[in-house]
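Heads up: the structure comes next, in structure tokens.
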Amino acid sequence: MRGERPEGPHEGRPGGGTVLAIPDDALVIVPIRNVVLFPGMILPLTIGREQSILAAQQAVKTEHPVGVLLQRDADVEVPGPDDLCLVGTVANILRYVTLPDNTHVIVCQGLQRFRVVEYLTGYPFPVARIGRLEEPDEADSQVEARMIQLRERALEVLQFLPQVSQELLGAVKTITQPGALADLVAGVTELKVADRQRVLESIDLRRRLDIVLDCLQGRLEVLKLSRELDERTKASIDQRQREYLLREQLKSIQKELGEGESATSVEIEALKKAIAEAGMPEEAETQATKELKRLERMPDGSAEYSMVRAYLDWLVELPWKEPEPDRIEIAEARRILDADHFGLDKVKKRIIEFLAVRKLNPSGHGPILCFVGPPGVGKTSLGQSIARALGRKFVRASLGGCHDEAEIRGHRRTYIGALPGNVIQAIRKAGSRGCVMMLDEIDKLGVSFQGDPSAALLEVLDPEQNNSFRDNYLGLSFDLSRMLFITTANVLDNIPGPLRDRMEIIQLPGYTQEEKHEIARRYLIGRQIKQNGLKEGQIDFLDAALTAIIRDYTREAGVRSLEREIGAVCRRAAVNIAEGKIESMHVDQGDLAAILGPIRYENEVALRTGLAGVATGLAWTPVGGDILFIEASRTAGDGKLILTGQLGDVMKESAQAALTLVRTRAADLGLDAASFERTTVHVHVPAGAIPKDGPSAGVAMFIALASLFADCPVRSDTAMTGEISLRGLVLPVGGIKDKVLAAMRAGIQRVLLPARNRRDLDEVPPEARERLEFIFLDTVDDAVRHAMRGWARGPGPGSLTADDGPDRLTD
């Protein structure tokens with residue numbers, strides 16, 4: 001290495017050792033790339049171009065400062081005046097060093113900013129006449145505020161930089177000149193070259209401080225994010241290294257103890273013992289043994305280890321062994337059914353028959369029972385009672401909203417988080433493959449691109465096939481033939497035909513008012529007293545109050561709303577007793593308005609059928625029967641028929657057929673046939689938000705239209721149902737039992753039914769047969785005689801009188 005000052009040409013000998021004369025207002029220019037030198041900074045600069053070396057040697061020989069200028073484009077090898085920035089830094093060369101690899105380094109100290117005025121020619125290196133830029137000495141409050149903010153932000157940034165010296169931190173803290181602080185911070189922080197040059201060119205202190213502050217803010221966000229990523233990566237690496245070291249230590253300990261290098265011998269031995277004692281069939285035991293051998297060869301930290309272990313846990317926990325025989329006592333079963341449910345005699349009779357056959361033929365394949373009825377009539381609790389009578393465990397799987405076949409058959413083990421289907425899961429929960437399994441809401445299964453669950457149930461509910469049911473997760477055959485499946489539904493129409501064909505349908509009707517009264521006395525009141533923290537004797541429901549709750553505050557086929565209203569009364573009693581106002585409460589009919597509010601359901605039949613053109617029909621819904629009002633009106637028009645009330649296609653056709661039938665029988669009804677052409681008829685069925693359909697409203701629509709044109713009101717105590725034909729025949733319909741019960745709940749006294757539905761009265765409870773008068777219709781003429789109030793015509797062909805008509809049934 002050479003000394004600080006190189007051996008160079010002497011003055012007067014240009015080219016070799018000549019020292020050239022430079023004007024006093026000019027400087028030798030040293031172009032630099034990607035580096036900005038600020039006043040007050042000491043910076044080593046590497047020079048390699050011939051012009052830069054000559055310029056530095058000239059400055060060293062003459063002991064004059066140089067002008068350091070940033071090159072605009074770092075790729076230009078021989079920069080001209082247009083390639084250099086206009087503002088640079090006057091610098092002294094403190095040291096000139098030539099390294100062994102012929103690299104020239106100058107150590108420069110920045111003194112002052114300057115601006116190039118013009119470049120001079122005739123020199124072998126750049127020389128420019130300059131104007132020195134004095135540092136402003138303004139120090140107003142705006143500058144001081146920016147200086148304080150810059151110092152705080154600079155210290156924060158320096159904390160993120162590696163190997164920052166204490167001298168630098170001290171300098172940042174002690175500098176009192178705003179310009180010097182901005183230059184120092186811009187020089188020591190990792191700002192872009194363009195941003196540093198902007199700072200150098202900014203003479204105004206406010207602008208210079210603002211530029212540095214903005215650049216530091218962006219740099220600070222980058223440094224914070226980088227620090228966060230570094231810490232997160234380091235923590236992740238440290239955790240993985242820790243787990244690796246612990247795993248290696250565990251392997252070493254296991255090896256020293258002779259326990260192998262994979263799963264612990266305790267787990268393997270426990271699984272072997274569980275497989276041997278599970279009583280698996282040959283196929284399942286072979287598969288379990290194969291998977292166990294795979295498990296032994298796997299490291300316990302692998303992802304597949306947990307999958308195989310979970311699969312083996314499912315295999316050993318399933319009840320493969322033959323279930324114990326049923327202990328069926330018919331008398332005890334009858335006692336359990338009577339204790340758990342009031343009424344439902346026909347349903348109980350069929351269940352007793354089912355249990356008797358099961359007792360005499362334990363290995364036989366009994367039918368799959370399907371309980372169909374409105375909500376709240378006891379379908380689910382009947383399944384629990386059957387399980388108690390058989391001495392079996394009871395499990396329930398809700399199928400409402402199920403639209404994936406995998407929920408029945410399970411997922412294949414290749415999927416992450418795969419599980420068996422609901423059937424296998426329920427069997428594992430029960431711990432026996434001879435349990436009673438209730439598939440609830442089977443009529444609410446869905447279909448999607450993931451498959452059809454009802455198709456998967458065909459195998460489950462077929463006694464001839466379910467002895468080899470294959471779940472996708474297990475991949476093995478599982479015998480379901482010893483299980484007792486019971487299903488429930490509200491509507492049969494939504495169940496696919498092949499699935500419905502595999503089940504025996506048992507209809508559960510709605511309860512009468514007297515049955516609800518008895519159910520409330522036996523079950524609901526006691527249950528609500530217990531749930532609300534009351535004791536026996538603290539609340540008493542009088543019969544009149546209970547009847548009023550059933551009649552005025554609920555209108556349903558089941559008893560769920562009734563139980564909620566009883567619970568509301570019990571809660572009011574609990575509040576009064578807890579506050580010390582009373583010790584006990586006797587609930588009478590007059591107390592209900594203050595507790596439950598005003599009456600919700602009134603007998604409005606008489607009010608709504610007092611005018612001509614209004615008839616009361618009977619309808620069936622998934623939640624039980626209901627009454628249906630048919631309202632007809634006419635205006636001057638052109639013979640059109642307007643139908644409103646969100647009627648279905650079948651119901652619209654019934655209305656059209658009823659109008660046609662009225663026009664056909666206009667002479668018998670004493671009507672002017674020509675008036676139909678000048679009249680627009682509007683038929684409306686209230687509760688327009690509820691869709692309605694079906695043919696059973698045909699008779700009611702005919703009576704409403706006949707009443708309208710004859711201007712004769714329909715009897716307010718009469719309701720009717722039945723389909724009509726264009727010949728005037730009254731055809732049979734379904735849901736008679738639910739419709740009759742709905743009529744009784746609504747206060748109807750007379751019910752008009754199709755004559756061919758006479759046989760359905762056997763299913764109507766005796767109470768309803770005693771309270772209602774049934775009139776059977778063969779034709780619509782019979783309906784006119786018995787439905788229209790005070791209807792009579794003079795004698796003549798086809799005349800109708802109020803006393804003529806078909807048979808009546810009054811019990």
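The values are calculated or read from the model by the stated rules, or taken from the named source; none is laboratory data. These figures come from a predicted structure and were not determined experimentally. Backbone-built Cβ (ideal geometry, glycine too); neighbour counts: all protein chains shown. To get the accessible areas, we keep the full protein, side chains included, count just its heavy atoms, and leave off ligands, DNA and RNA. Shrake-Rupley method; radii C 1.70, N 1.55, O 1.52, S 1.80 Å.
Setting aside same-chain residues fewer than 8 positions from residue 234, which lysines have a Cα under 20 Å from its Cα? Here the lysines satisfying the reach criterion relative to residue 234 are 224. For the chain, the longest principal axis of the alpha carbon atoms and the long axis of helix 649-664 meet at an angle near 40°. For residue 581, the lysines whose Cα comes closer than 27 Å to its Cα, not counting residues fewer than 8 places off in the same chain, are 530, 535. For the listed peptides 111-121, 696-706, a ranking on the average number of other beta carbons within 10 Å per residue, highest first, reads 696-706, 111-121.
Based on Cα atoms of region 48-162, Rg over Rh with Rh as the Kirkwood radius reads 1.07. Taken over the Cα atoms of region 545-584, the convex hull encloses 61 Å³ per residue.
With +1 on each Lys and Arg Cβ and -1 on each Asp and Glu Cβ, how big is the dipole of the chain about its Cα centre, in debye rounded to the nearest 20? It would help to have the intermediate numbers written out before the result.
On the way: 102 positive and 118 negative charges, 236 e Å.
Result for the chain is approximately 1140 debye, rounded to the nearest 20.
What region 108-248 shows is 59 Å² of accessible area per residue, with the surface traced by a 1.4 Å probe over protein heavy atoms.
Largest first, the extents of the alpha carbon coordinates of region 690-743 on the three principal axes equal 32, 27, 23 Å. Distances between placed amide hydrogens fall under 5 Å for residue 398 paired with 440, all partners being 5 or more residues away or on another chain. When the Cα positions of 542, 524, 310 are compared along the charge dipole of the chain, 542 comes out farthest toward the positive end, with charges on each C-beta of Lys, Arg, Asp and Glu.
Against the chain, whose longest principal axis is taken from its Cα atoms, helix 736-745 shows a tilt of about 90°.
With an 8 Å Cα cut-off and a minimum separation of 6 or more residues, compute the relative contact order for the chain in percent. Can you show the working numbers first?
Numbers: 1445 pairs, mean separation 53.2, N = 811.
Relative contact order here is 7 percent.
Segment residue 674..residue 85, full-extension length gain: 201.4 nm, with 0.36 nm per residue of separation and the alpha-carbon distance subtracted. Roughly how tilted is helix 303-317, in degrees to the nearest 10 and between 0 and 90, from the longest Cα axis of the chain? Result, in degrees: 20. When both region 722-787 and region 35-102 are represented by their alpha-carbon centers, they are found 113 Å apart.
As a test of the definition: which semi-axes, in Å, follow for the chain when you take the square root of five times each eigenvalue of its alpha carbon gyration tensor? Largest first, please.
On the way: eigenvalues 1886, 389, 153 Å².
Each semi-axis is the square root of five times an eigenvalue, giving 97, 44, 28 Å.
Packing-based ranking of 753-764, 75-86, 91-102, 500-511 yields 500-511, 753-764, 91-102, 75-86, ordered from highest to lowest mean Cβ neighbour count within 10 Å. Stretching the chain fully between residue 544 and residue 290 yields a gain of 84.3 nm (0.36 nm per residue, less the alpha carbon separation).
Work out, in µm²/s and without decimals, the Stokes-Einstein translational diffusion coefficient of region 309-453 at 10 °C, 1.306 mPa s, Rh from Kirkwood over C-alpha pairs. Estimated diffusion coefficient is 93 µm²/s.
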